[in-house]
Amino acid sequence: MRKAYRLTARELEVLGLIAHGKTARGVANELSISLETVRAHVKSIYATLGAHNKDEATAWYWLNIPHNG
């Protein structure tokens, strides 16, 4: 298993929503969590993946997470 797969299930959920175009506020609304919680998840995602920004994190998502279709 790759180190990057050490994302929690919730972090993968947040990253997936962001990769599909949701804003932080949209993620917060969809998951019924605060905007600050989304920001904390994003910060943790970046640290775990070694990503510097949303583009790098979402590129990792599309390259590493299996998708249907």
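Throughout, read-outs are computed from the coordinates displayed, never taken from laboratory work. Note that this is a predicted model, so its numbers are computed, not measured. Cβ coordinates were reconstructed from backbone atoms using ideal geometry, including for glycine residues, and neighbour counts include every protein chain displayed.
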Can you give the FRET efficiency for Glu13 and Leu35, using 1/(1 + (r/R0)^6), R0 = 25 Å, r = Cβ-Cβ distance, to the nearest 0.05?
0.95
As I understand it, the value is the acute angle between the Cα axis of helix 35-49 and the longest principal axis of the Cα atoms of the chain; what does it come to in degrees, rounded to 10?
10
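Assign unit charges at the C-beta atoms only (+1 for Lys and Arg, -1 for Asp and Glu), then state the dipole size of the chain relative to its Cα centre in Debye, rounded to the nearest 20. Display every interim value, and only then the final one.
Details: 9 positive and 6 negative charges, 30 e Å.
My answer is approximately 140 debye.
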The chain, relative contact order [Cα under 8 Å, separation at least 6], %:
35
